[in-house]
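The values are calculated or read from the model by the stated rules, or taken from the named source; none is laboratory data. It should be emphasised that the depicted structure is a prediction, and the values quoted were computed from it without experimental measurement. Don't worry about glycine lacking a Cβ; one is built from the backbone with ideal geometry, like all the others, and counts go over all protein chains shown.
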Amino acid sequence: MRIAMIASEAAPFVKTGGLGDVLQALPAELARSGEHEISLFLPYYKSIKYNPAHEVELLTSFTINLTWRQQYVGLFRLMQEQGPAVYFLDNEYYFCRDGLYGFYDDGERFAYFSKAVLAAINWLELRPEILHCHDWQTALVPVYLDAEFRHCLPDAKTVFTIHNVEYQGKMGAEFFNEVLGLDDCWRGVCAYDGCVNFMKAAILKADLVTTVSENYAVELRYPYFAHGLSGILAAKGDRLKGITNGIDTEVYNPGADAALVQPFTAETFAGKQVCKRALQKELGLAQTDAPILSMVTRLASHKGIDLLCYILRRLLERDLELVIVGTGEAKYEHALLSVANEYPGKFSMNLRFDSALASRVYAGSDMYLMPSKSEPCGLSQLIAMHYGTVPIVNATGGLRDTVPPYNAETGEGRGYTFQSYNGDDFLGAIDRALSDYYGTPEAWAKLAKSDMSVDFSWTQPAKKYIALYQSLI
Ligand code: GLC
């Protein structure tokens, strides 16, 4: 099959969150067997363009129109023998800026990108059978395909993946006339709630809509989770599917992670204790056998930081150590830092993002906290388990799929869950974990090792995507 992946970020080129991780691992996994022709299209952001590590060649340049605007498109290809063919779309006016998102003209920038990708695919004569678009930034691809590019891609099918329904790409109603330059018959497809809504248009037009866990595909049919799109998503019926993400087990490999003083596996589990001691030393925590509870997170309310703040002082009365790594909303940064200052040696607050430190925290901790209010899939609970750290999560979205509750009687399950977004229930789940940690240390070690042994790689999810693509063609 020929599959074109279209997205606004992909590691190792550029990444602001889980989307970038998925777009690194999934195309690589699809390309691995050599059976499929995979291409990946990204904007040529400043940070990619001026990074000498990425060697590229210019293939061509042309212009496209967005109403009266005539915009340049430079088409670059990454010089790379293995893996997917990676293409960058260059336009300095739109993409040579500091940062990826958050500009007044984001709608115009990504409408441009979606249309330019189709023109590039046409120029390259790639003839993909599948165009796989991710999140609102590429949601206009299925629209422009039908409106202006069907003659060159008569049989192409479209898949649209929702990584987070909160961000839909909502523009004012005037955006339709001022930017999109589409025939009037497309107005209804794009319009929603008095706005132009990119994601809504993709949900209507894509042959298949997917999301990043099976449970989130169920949740998206309900108003509580769908941010206004539940009706349209529910109407999609069985053309809305969930495939749970994996993690890149080459990037996240506790057995060969250069950031760790002693890499370890389930078989050499004693190394985890060495990593714990080293982490305590690095962060100035007391060298005790109390469990280390950790979070590596954006400090945003939907990550459940309000629940954490609510239980924080009670939590710190328990016999444990707490480590948080991340930045975010100022109110949370201040609140957490001021409490951390009261508990030196017990609570380490690290207001920065540093991937090597993150690795050491995943490896050196005993329990990982993820009380997200909603979570389409979540990757850090998977990384934590892969590093032998037992997760404690709100059973929502992909957290429900990936962290079945631990049953001490049977030894089944992977972690501790709570069922409603409530701080006392969160603390209750932590208390259950603490009682098992202190009460039955052997069973605890068995649980941690069994979490490490679960296959969280992309092998199975990639097979599911292939099966879905095949069902369309
Ligand atoms: C978004 C979601 C997260 C998911 C990631 C990758 O960041 O919030 O839950 O894991 O996309 O699909």
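Matching residues to (1) on the phi > 0 side of the Ramachandran plot; (2) crowded, with 19+ Cβ neighbours inside 10 Å:
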position	(1), (2)
Glu178	no, no
Tyr192	no, yes
Phe198	no, yes
Ala201	no, yes
Glu219	no, yes
His227	yes, no
Leu233	no, yes
Glu250	no, no
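Step by step: first the residues of the stretch 12-24, then only those that are under 11 Å from the mean Cα position of the chain (by Cα) and more than 10 Å from the ligand (Cβ to nearest atom), then the one that is nearest to Ala462 (Cα to Cα). Which residue is that? Break it down into steps so the answer makes sense when it comes.
From the stretch 12-24, those under 11 Å from the mean Cα position of the chain (by Cα) are 15-24; that's our starting set.
Filter again for more than 10 Å from the ligand (Cβ to nearest atom), leaving 15, 24.
Details: Lys15: 21, Gln24: 13 Å.
Looking at the filtered set, the residue picked out is Gln24.
Residue under question is Ala335, and the condition is that it be over 21 Å from the mean Cα position of the chain (by Cα) and more than 16 Å from the ligand (Cβ to nearest atom); does it hold?
Working: over 21 Å from the mean Cα position of the chain (by Cα): yes; more than 16 Å from the ligand (Cβ to nearest atom): yes.
Criteria met by Ala335.
Restricting attention to the stretch 138-187, which residues are closer than 24 Å to Gly228 by Cβ, of a type in the set (D, E, K, R) and either without any contact (Cβ under 8 Å) to a residue 24 or more places away in the chain or not assigned by TED's automatic domain parsing to the domain that holds Ser213 (or both)?
Result: Glu174, Arg187.
Being out of contact with any strand residue (DSSP E or B) (no Cβ under 9 Å at 6 or more places or on another chain) and within 16 Å of the ligand (Cβ to nearest atom) is the filter here; which residues of the stretch 228-245 pass it?
As a first pass, look at the stretch 228-245 and keep what is out of contact with any strand residue (DSSP E or B) (no Cβ under 9 Å at 6 or more places or on another chain): 230-231, 235, 237-238, 244-245.
Residues satisfying the conditions are Thr244, Asn245.
Condition check: acidic (Asp, Glu), in contact (Cβ under 8 Å) with a residue 12 or more places away in the chain, crowded, with 17+ Cβ neighbours inside 10 Å and under 21 Å from Pro12 (Cα atoms). Does Asp98 satisfy that? Lay out the reasoning, then the answer.
Working: acidic (Asp, Glu): yes; in contact (Cβ under 8 Å) with a residue 12 or more places away in the chain: yes; crowded, with 17+ Cβ neighbours inside 10 Å: no; under 21 Å from Pro12 (Cα atoms): yes.
The answer is no for Asp98.
For a quick check of your reading: which strands (runs of 3 or more DSSP E) sit entirely within the stretch 190-248 and have at least 1 residues that are among the hydrophobic types (A, V, I, L, M, F, W, C) and over 23 Å from the mean Cα position of the chain (by Cα)?
Values: elements: 195-197, 208-211, 240-242.
Hits in the stretch 190-248: 195-197.
Those residues that are surrounded by fewer than 20 Cβ atoms within 10 Å (Cβ to Cβ) and over 29 Å from the mean Cα position of the chain (by Cα), I need them from the stretch 133-175; list them, please.
Of everything in the stretch 133-175, those that are surrounded by fewer than 20 Cβ atoms within 10 Å (Cβ to Cβ) and over 29 Å from the mean Cα position of the chain (by Cα) turn out to be Ala147, Glu148, Phe149, Arg150, His151, Cys152, Pro154, Asp155, Ala173, Glu174.
So, in the stretch 401-412, of the ones that are more than 12 Å from the ligand (Cβ to nearest atom), out of contact with any Leu (no Cβ under 8 Å at 6 or more places or on another chain) and of a type outside the set (Ser, Thr, Tyr), which residue ends up nearest to Ala25 (Cα to Cα)?
Here is the first cut: in the stretch 401-412, the residues more than 12 Å from the ligand (Cβ to nearest atom) are 403-412.
With the extra rule that they be out of contact with any Leu (no Cβ under 8 Å at 6 or more places or on another chain), the set shrinks to 403-405, 407-410, 412.
Checking which are of a type outside the set (Ser, Thr, Tyr) leaves us with 403-405, 407-409, 412.
Working: Val403: 21, Pro404: 24, Pro405: 27, Asn407: 32, Ala408: 34, Glu409: 37, Glu412: 29 Å.
Only one residue tops the list, namely Val403.
Identify the residue in the stretch 252-286 that is of a type in the set (Lys, Arg) and buried (at least 19 other Cβ atoms within 10 Å of the Cβ) and, among all such residues, is farthest from Glu342 (Cα to Cα). Even if it seems obvious, please write down each step before you answer.
Within the stretch 252-286, the first condition is being of a type in the set (Lys, Arg), and the residues that meet it are 272, 276-277, 281.
If we keep only those that are buried (at least 19 other Cβ atoms within 10 Å of the Cβ) too, we end up with 272, 276.
On the way: Lys272: 28, Lys276: 22 Å.
It comes out as Lys272.
Looking only at residues that are assigned to a loop (DSSP other than H, G, I, E, B) and on the phi > 0 side of the Ramachandran plot in the stretch 287-345, which one is surrounded by the most Cβ atoms within 10 Å (Cβ to Cβ)?
Of all residues in the stretch 287-345, those assigned to a loop (DSSP other than H, G, I, E, B) come to 287-291, 297-298, 300, 304, 317-320, 326-327, 329, 343-345.
Cutting the leftovers down to on the phi > 0 side of the Ramachandran plot gives us 304, 326, 345.
Working: Gly304: 25, Gly326: 21, Gly345: 13.
It comes out as Gly304.
Give me the residue from the stretch 346-389 that is of a type outside the set (Ser, Thr, Tyr), within 16 Å of the ligand (Cβ to nearest atom) and over 14 Å from Met295 (Cβ atoms) and, out of that set, surrounded by the fewest Cβ atoms within 10 Å (Cβ to Cβ).
Of the residues in the stretch 346-389, the ones of a type outside the set (Ser, Thr, Tyr) are 346-347, 349-354, 356-358, 360-361, 363-364, 366-367, 369-371, 373, 375-379, 381-386, 388.
Applying the additional criterion that residues be within 16 Å of the ligand (Cβ to nearest atom) yields 353, 358, 369-371, 373, 375-379, 381-386.
Within this subset, residues satisfying the condition of being over 14 Å from Met295 (Cβ atoms) are 373, 376-377, 382, 385-386.
Details: Lys373: 17, Pro376: 28, Cys377: 26, Leu382: 24, Met385: 26, His386: 22.
Filtering first and then ranking leaves Lys373.
Taking into account only those residues within the stretch 390-405 that are in a helix (DSSP H, G or I) and of a type outside the set (A, V, I, L, M, F, W, C), which is surrounded by the most Cβ atoms within 10 Å (Cβ to Cβ)? Lay out the reasoning, then the answer.
Of the residues in the stretch 390-405, the ones in a helix (DSSP H, G or I) are 397-402.
Those left that are additionally of a type outside the set (A, V, I, L, M, F, W, C): 397-398, 400-402.
Numbers: Gly397: 30, Gly398: 28, Arg400: 22, Asp401: 20, Thr402: 26.
Once the filter is applied, the top-ranked residue is Gly397.
Out of all the residues in the stretch 264-286, which are in contact (Cβ under 8 Å) with a residue 40 or more places away in the chain and assigned to a loop (DSSP other than H, G, I, E, B)?
Phe264, Thr265, Ala266, Phe269, Gly284, Leu285, Ala286
Could you please tell me which pairs satisfy a Cβ distance under 8 Å, a separation of 6+ or placement on different chains, a first residue in the stretch 109-137 that is without any contact (Cβ under 8 Å) to a residue 12 or more places away in the chain, and a second residue that is aromatic (Phe, Trp, Tyr) and surrounded by fewer than 24 Cβ atoms within 10 Å (Cβ to Cβ)?
Partner pairs satisfying both residue conditions: none exist.
Restricting attention to the stretch 54-77, does a residue exist that is within 16 Å of the ligand (Cβ to nearest atom) and in a loop (DSSP other than H, G, I, E, B)?
Keep residues of the stretch 54-77 that are within 16 Å of the ligand (Cβ to nearest atom), which gives none.
Checking the stretch 54-77: not a single residue is within 16 Å of the ligand (Cβ to nearest atom) and in a loop (DSSP other than H, G, I, E, B).
Working carefully through the options Phe264, Phe225, Phe176, Phe198, find the one that is more than 16 Å from the ligand (Cβ to nearest atom) and within 30 Å of His386 (Cβ to Cβ).
Values: Phe225 fails: more than 16 Å from the ligand (Cβ to nearest atom); Phe176 fails: within 30 Å of His386 (Cβ to Cβ); Phe198 fails: within 30 Å of His386 (Cβ to Cβ).
Of the residues listed, the single one that is more than 16 Å from the ligand (Cβ to nearest atom) and within 30 Å of His386 (Cβ to Cβ) is Phe264.
Filtering the stretch 1-58 down to residues that are in contact (Cβ under 8 Å) with a residue 24 or more places away in the chain and among the aromatic types (Phe, Trp, Tyr), which residue is surrounded by the most Cβ atoms within 10 Å (Cβ to Cβ)?
Phe41
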